[in-house]
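**Q** Would you mind keeping the following structure in view while I ask a few things?
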Ligand code: NAD
């Protein structure tokens with residue numbers, strides 16, 4: 001009998017603390033808590049961008065860094081990039097505002113910490129971190145993404161191709177034209193995704209907690225609604241593109257869309273919800289595969305010999321996500337596991353073989 005595509009290698013525990021390195025330090029200039037989590041360097045130096053966010057506690061920031069860095073390990077492995085997974089979190093207090101001088105100090109502190117890890121961690125720009133911040137980081141370390149690049153459109157493109165694969169799996173047709181799709185969170189990823197979908201002839205339902213994003217809905221002729229309504233709307237695809245944890249047990253029960261495919265990292269509040277979604281016949285596209293386009297672009301810029309080569313490679317790999325996601329869906333259906341479980345096992349197999 002042919003060996004199951006999912007057989008054999010052990011995969012890392014789903015929610016365990018199996019990280020290689022965790023550094024937590026108060027910045028010596030800024031006095032702001034900086035967390036760097038290196039989940040794995042089995043495939044290469046860990047890559048994962050830097051998030052600057054307000055957290056209720058340091059523990060919450062550490063937890064976020066641990067989960068996000070683990071997801072990066074899977075993202076790199078699934079994307080076929082020879083890099084490990086890491087993530088950093090700059091933990092602002094609730095309600096804190098940074099004046100320009102303290103902000104610069106924070107990113108200097110952070111750049112020095114990254115440099116101190118000697119290449120075991122390579123950083124970049126995530127939510128709350130700006131291109132100017134990346135420029136400050138780059139003054140202290142080489143282990144940072146190229147300055148002045150925008151990964152949002154690349155992540156959006158990957159989500160778009162992943163949606164086509166999901167549509168093909170569920171409706172037997174990859175075309176998104178005339179489909180109804182809800183996008184929640186209209187920032188760098190969700191905003192670009194909405195534009196791609198509008199160009200493809202999708203009927204859009206858009207939502208964000210920031211009322212200013214309503215202008216995009218008006219521009220694209222989309223319907224504007226609240227995030228809660230959009231998440232549970234009766235549409236063909238729901239695309240969570242804000243922060244993680246948006247899909248909890250209550251949302252799983254309330255969902256009325258056959259597909260969830262978005263750009264946010266760690267969309268499920270608990271990984272076990274993947275099985276609950278499957279039980280409800282809802283296809284959940286693993287986030288670390290669907291949103292890999294931004295990472296693929298950063299990695300291509302890092303490893304290719306010039307920008308043109310990097311763009312060509314990133315374009316090919318991002319488009320390839322459609323076939324890859326389709327294959328995942330088929331394997332998951334054959335094996336009677338969720339697509340998330342299938343993706344984790346396949347990525348885990350690549351890591352275990354390294
Ligand atoms: P962003 O800060 O540009 O945009 C986030 C948007 O979500 C903002 O408009 C914000 O107002 C909105 N938002 C926040 N909380 C919300 C809520 N509860 N309901 C509705 N809207 C809400 O961030 P981004 O770069 O677009 O990233 C979005 C997600 O995608 C994050 O989870 C990020 O980790 C992930 N991601 C980003 C990239 C990238 O290249 N930018 C790549 C892969 C994954």
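**Q** Relative to the present Cα-Cα distance, how much length would full extension add between residue 270 and residue 225 at 0.36 nm per residue of separation?
**A** The residue 270-residue 225 span can extend by a further 13.6 nm.
**Q** Using a ≥ b ≥ c from the Cα gyration tensor of region 128-272 (square roots of the eigenvalues), is it rounded, prolate or oblate, where a/c under 1.5 gives rounded and otherwise the larger of a/b and b/c decides, a/b for prolate?
**A** Prolate.
**Q** Still on this structure, I have one more. Could you pull out which residues in region 236-267 have an amide N less than 16 Å from a spot 7 Å beyond the Cα of residue 279, following the Cα-Cβ vector?
**A** Residues 248-255 fall inside that zone.
**Q** Taking other Cβ within 10 Å of each residue's Cβ, how do 121, 160 sort, fewest first?
**A** Starting with the residue having the fewest Cβ neighbours, the order is 160, 121.
**Q** Based on the mean of other beta carbon atoms within 10 Å per residue, what is the order of 111-118, 235-242, most packed first?
**A** Top to bottom by mean Cβ count within 10 Å: 235-242, 111-118.
**Q** Another question about this same structure. What three numbers, in Å, describe the spread of the alpha carbons of the chain along their principal axes, ordered from the longest?
**A** 55, 55, 42
**Q** Averaging sequence separations of C-alpha pairs under 8 Å and six or more residues apart, then dividing by the length of region 220-295, give the relative contact order as a whole percent.
**A** 29 percent
**Q** Order these by the 10 Å Cβ neighbour count, fewest first: 320, 19.
**A** Ranked by crowding around the Cβ, least crowded first: 320, 19.
**Q** Follow-up question, since we're still on this one. Two decimals, Cα atoms only, Kirkwood Rh: what is Rg/Rh over region 95-180?
**A** In region 95-180, Rg relative to Rh is 1.21.
**Q** Another question, if that's okay. For the pair residue 327 and residue 305, how long in nm is the line joining their label points, each one 7 Å along Cα→Cβ?
**A** For the pair residue 327/residue 305, the computed spacing is 2.7 nm.
**Q** Moving to a separate point now. Please compute the length gained on full extension between residue 93 and residue 200, using 0.36 nm multiplied by the number of residues separating them and subtracting their Cα-Cα distance.
**A** That works out to 34.4 nm of additional length.
**Q** Kirkwood-based Rg over Rh for region 152-228 (C-alpha set), two decimals?
**A** 0.96
**Q** What is the chain's relative contact order, in percent, from Cα pairs under 8 angstrom and six or more apart in sequence?
**A** Relative contact order here is 17 percent.
**Q** Run the helix sum for the chain: -39,500 (n - 2.57) per DSSP H stretch of 4+ residues, divided by residue count, reported at 222 nm to the nearest 500 deg cm²/dmol.
**A** Taken over the chain, the calculation gives -14500 deg cm²/dmol.
**Q** Also, I was wondering about something else. Grab the beta carbon distance between residue 173 and residue 102, set R0 = 41 Å, and tell me the FRET efficiency rounded to 0.05.
**A** 0.20
**Q** Taking every DSSP beta bridge that has both residues in the chain, what percent is antiparallel when rounded to the nearest 5?
**A** For the chain, the DSSP antiparallel bridge percentage is about 30.
Any read-out appearing in this document is the output of simple, stated calculations on the displayed coordinates, not a laboratory observation. Not measured: the values here are computed from a predicted model. Counting neighbours? That spans all protein chains shown, and the Cβs are built from the backbone with ideal geometry, glycine included.
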